[in-house]
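Scroll down for the structure; my scribbles are underneath it.
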Amino acid sequence: MKVLVIGKGGREHALCWKLAQSRGVSALFCAPVNPGIKQVAEPVAIDPCDVAALADFAAANQIDLTVVGPEQPLALGIVDGFESRGLSIFGPSKEAAQLESSKSFAKAVMREAGVPTADFEVFDDADAACHYVRASELPLVVKADGLALGKGVAVCDTGETALAAIDHIMRRGAFGAAGRRVVIEQRLEGEELSFFALCDGVRALPMGSAQDHKAVFDGDRGPNTGGMGAYSPAPIEPAFEARVMREVIEPTLAAMAARGMPFRGVLYAGLMINGGRLDVLEFNARFGDPECEALMMRFDGDLALALKAAVEGRLVNEMLPLSPAAAVSVVLASRGYPASYRSGFPIRGLDDAERMNGVRVFHAGTSLKDGVLMTDGGRVLIVSALADDLPSAISRAYGAASVITFEGMHLRRDIGFRALRRVSGDALEAAQKP
Ligand code: AMP
Ligand code: GLY
């Protein structure tokens, strides 16, 4: 099987690394690549959003399966573009990808499917949205309807912040067309976790849980980023996984099929748990980044076969074996990210880190200059480790991170801390000692 991966971040490096181990894969391409991906896949210099050029490449090279990493090409309709040319591609259609690309669409599907989620209203008019805020109980959450790189959500404790968010999103157009409509919903309290299911349009298989760390600084302080680290599994019981499948994933899949928009791909549910309560905060129509890196560390199956089966509507239970071990992914970022940062600094110590037991380093924003690996982005490397339990995985990941250096390197020191606190109050400190 010849496989093409689309996207060039840490998520796509992890997918390529796993796909390269699939027995049926005879050739692996990635469009485009970073230096890490280039070690396992042949580079294709095409932009992930250039659907026509990607489909031309897939047709000319007889690609048997294309795997889409990021959300933008899905929202643009890359899957429809490929399928109209008879090309096999893993991911949801443009209509089905609206579960991520339109929050009002996702909320409507949840309401229809009886999936638990915060009460909400949808507004296309800023004045009406402001009127609603003035008449509502706080706290509220104001969300731009469309894709906004994770920045379109404002959790508002006061009426002023909610009104300011509406102004920013709708009147000032901070996110362009993505902010012409807003969803305003009740604020939920609790613990967040991410749940992944592989879907073939009809059936879904659980693909594991993870907890992401979105804020840039320790203790969840500072602005939200694309993700500063993740660990998998999240501290949940098998019975809870069955509940998420039954109350969230399966009804959503059924509602999408009933709408004539069967969902094929990874359904990523962002959940809020509070005591016995379970609510969906959002859906994504793809793997998370860096959650994917942690999940791939644990994945013991044949990824190409599983994704191909999802495309062809023939998923069966045993296709997604996950190691019971714990995986931790720590992002090494450029200081200043998610705002402005500098790039072009040499990276040292990577080989030493990769020689460590159970450790794998995925590349995100890196490039090669005269044979030297340099920083080239906000999130630079994702240091990932697998071990029998979470404290050991944290210890391994931070041990490996400690031998990597570049100017302005920033990382969170507390990835996995919430789960660890449950294990033992002192465990986090102990686990971080090299
Ligand atoms: P979303 O992109 O909708 O997941 O929102 C991004 C982040 O905003 C989530 O990960 C939560 O931390 C927060 N958030 C979103 N919706 C709510 C809500 N209804 N209540 C509390 N926090 C929320
Ligand atoms: N890490 C969050 C996301 O990929 O959406």
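The C-beta contact set for segment 288-313 (first residue closer than 11 Å to Leu19 by Cα and surrounded by fewer than 23 Cβ atoms within 10 Å (Cβ to Cβ), second residue β-branched (Val, Ile, Thr) and modelled with pLDDT under 95, distance under 9 angstrom, 6+ apart or interchain) is empty. Restricting segment 89-129 to residues that are more than 16 Å from ligand 2 (Cβ to nearest atom) and among the acidic types (Asp, Glu) leaves a set whose member that is farthest from Gly173 (Cα to Cα) is Glu112. Ser329 fulfils the conditions (1) more than 23 Å from Val67 (Cα to Cα); (2) in contact with a helix residue (DSSP H, G or I) (Cβ under 6 Å, 6 or more places away or on another chain) except for a single criterion, (1).
Yes/no matrix, rows are residues, columns are (1) open to solvent by 10 Å² or more (accessible area, probe 1.4 Å); (2) free of Cβ contacts under 8 Å to residues at least 60 places away in the same chain; (3) more than 19 Å from Ser101 (Cβ to Cβ); (4) more than 14 Å from ligand 2 (Cβ to nearest atom):
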| site | (1), (2), (3), (4) |
| --- | --- |
| Asp218 | yes, no, yes, yes |
| Arg221 | yes, yes, yes, yes |
| Tyr231 | no, no, yes, no |
| Ala234 | no, no, yes, no |
| Arg246 | yes, yes, yes, yes |
| Glu250 | yes, yes, yes, yes |
| Phe263 | no, no, no, yes |
| Arg286 | yes, no, no, no |
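Does Leu65 satisfy the criteria of being open to solvent by less than 50 Å² (accessible area, probe 1.4 Å), within 23 Å of Gly201 (Cβ to Cβ) and touching a Phe, Trp or Tyr at 6+ places or on another chain (Cβ under 6 Å)? Judged against the criteria, Leu65 is not a match. Of the residues examined, Val280 is one that is within 15 Å of ligand 1 (Cβ to nearest atom), in contact (Cβ under 8 Å) with a residue 40 or more places away in the chain and open to solvent by less than 10 Å² (accessible area, probe 1.4 Å). Considering Ala60, Ala45, Ala52, the condition of being out of contact with any Lys or Arg (no Cβ under 7 Å at 6 or more places or on another chain), touching a residue at least 24 places away in the same chain (Cβ under 8 Å) and open to solvent by 20 Å² or more (accessible area, probe 1.4 Å) is satisfied by Ala52 alone. Close Cβ contacts (under 7 Å, 6 or more residues apart or on different chains) running from residues in segment 9-36 that are under 19 Å from Leu350 (Cα atoms) and in contact (Cβ under 8 Å) with a residue 24 or more places away in the chain to residues that are within 16 Å of ligand 1 (Cβ to nearest atom) and open to solvent by less than 30 Å² (accessible area, probe 1.4 Å) comprise Gly9/Asp289; Gly10/Asp289; Gly10/Pro290; Arg11/Phe287; Arg11/Asp289. Restricting attention to segment 322-352, the residues that are under 22 Å from Thr405 (Cβ atoms), among the hydrophobic types (A, V, I, L, M, F, W, C) and out of contact with any Pro (no Cβ under 9 Å at 6 or more places or on another chain) add up to 6.
A quick yes/no check of all residues on (1) within 15 Å of ligand 1 (Cβ to nearest atom); (2) open to solvent by 10 Å² or more (accessible area, probe 1.4 Å):
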residue: Glu160; (1), (2): no, yes
residue: Asp167; (1), (2): no, yes
residue: Met170; (1), (2): no, yes
residue: Phe175; (1), (2): yes, yes
residue: Phe195; (1), (2): yes, no
residue: Arg203; (1), (2): no, yes
residue: Gly208; (1), (2): no, no
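Scanning segment 12-43 for residues that are assigned to a helix (DSSP H, G or I) and either of a type in the set (A, V, I, L, M) or in contact with a Pro (Cβ under 7 Å, 6 or more places away or on another chain) (or both) yields Ala14, Leu15, Leu19, Ile37.
Listed by position, the strands (runs of 3 or more DSSP E) inside segment 311-384 whose residues that are at pLDDT 95 or above and under 27 Å from Phe417 (Cα atoms) number at least 3 are 326-334, 359-363. Of the candidates Gly227, Gly173, Gly219, Gly208, the single residue that is part of a strand (DSSP E or B) and on the phi > 0 side of the Ramachandran plot is Gly208.
The values are calculated or read from the model by the stated rules, or taken from the named source; none is laboratory data. This one's a predicted model, so the numbers in the text were calculated from it and none came from an experiment. Neighbour counts are summed over all protein chains in view; Cβ atoms, including those assigned to glycine, are modelled from backbone coordinates with ideal geometry. Protein only, heavy atoms only, side chains kept; ligands, DNA and RNA dropped before computing areas. Shrake-Rupley method; radii C 1.70, N 1.55, O 1.52, S 1.80 Å.
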